[in-house]
Amino acid sequence: MAEASSNLEMIEKVREHRRREVTSHDRRTRLVEILEAVVLAIVAITTSWCGYQATLWVGHSARSYAMASRVTMYEQQKVALASQDRLYDLLTFNGWVAAKDSHNALLVNQYERRFRREYAVAFAAWRKLDPDNDAKAPPGPTFMPEYVNANTTEAERLAGQADANFEAGVRTREIGDDYVQITVLLATVLLLTGVSQHFRHIAPRIFVLAVASSLLFVSTYCLITFPRA
């Protein structure tokens, strides 16, 4: 009887030990499942956020490119007008020179009245240098510092604005690409989390989940540091 009682006690202890192991295993498994659910939830939210931000930044980039194209069109118009102004200035000046050489004072005055206002300022400054007697004088008013074309100045300003808009488009597009790259990284996290759920043993499951969590941490950190639209 004593030996049978001892065997029963041994069996009971073994059963109790197994129950404790099963309970501990179940707790670890349950904890891992909770962590996997948390990772999946964070991945779902961050993926949606990345897609939303990428769409906004692509929209900003498209608007900047469109603005750059529009400003470039205005710039070309100003360049064409500036070229026409310069051609008009050269033609009227050549006519003035011909009238002056022919000693036609009436025609000279008519040409001078037809000078554009901007050109008249440069012409007056050029005449003060006595170009008829001073060989060092510039060959014409267009070579004077006073010669300014408003259309040329405006074209230069528009060119700078177009360049700034184009650079803004490139910069915002790159930010959108950064968000897309984070989406790819989050897809990797999702894949690893799904793979970890197919392991029967808890150790490899925890290892794969740890790798996925590390990638998720890196992704989240990048999203915090990225500019938002």
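The values are calculated or read from the model by the stated rules, or taken from the named source; none is laboratory data. This is a predicted model, so every value here is computed, not measured. Because the Cβ atoms are built from the backbone with ideal geometry, glycine has one as well, and the counts that use them run over all protein chains shown.
Scanning the range 128-155 for residues that are surrounded by fewer than 14 Cβ atoms within 10 Å (Cβ to Cβ) and in a helix (DSSP H, G or I) yields a count of 3. Of these, ALA159, ALA203, which one is of a type outside the set (Phe, Trp, Tyr), at pLDDT 95 or above and more than 15 Å from CYS50 (Cα to Cα)? Going through ALA159, ALA203 in turn, just one is of a type outside the set (Phe, Trp, Tyr), at pLDDT 95 or above and more than 15 Å from CYS50 (Cα to Cα): ALA159.
Using the structure shown, decide if SER83 is touching a Lys or Arg at 6+ places or on another chain (Cβ under 9 Å), among the polar types (S, T, N, Q) and surrounded by 13 or more Cβ atoms within 10 Å (Cβ to Cβ). In short, no.
The number of residues in the range 219-229 that are in a helix (DSSP H, G or I) and surrounded by 13 or more Cβ atoms within 10 Å (Cβ to Cβ) comes to 4. Here is the figure for the range 91-109: residues that are assigned to a loop (DSSP other than H, G, I, E, B) and either in contact with a strand residue (DSSP E or B) (Cβ under 6 Å, 6 or more places away or on another chain) or loosely packed, with under 13 Cβ neighbours inside 10 Å (or both) total 2. Screening the range 180-218 for residues that are among the β-branched types (Val, Ile, Thr) and within 30 Å of HIS60 (Cβ to Cβ) and picking the one that is surrounded by the fewest Cβ atoms within 10 Å (Cβ to Cβ) gives VAL184. Return yes when VAL71 is of a type in the set (Val, Ile, Thr), surrounded by 13 or more Cβ atoms within 10 Å (Cβ to Cβ) and at pLDDT 95 or above and no when it is not. So VAL71 passes the test.
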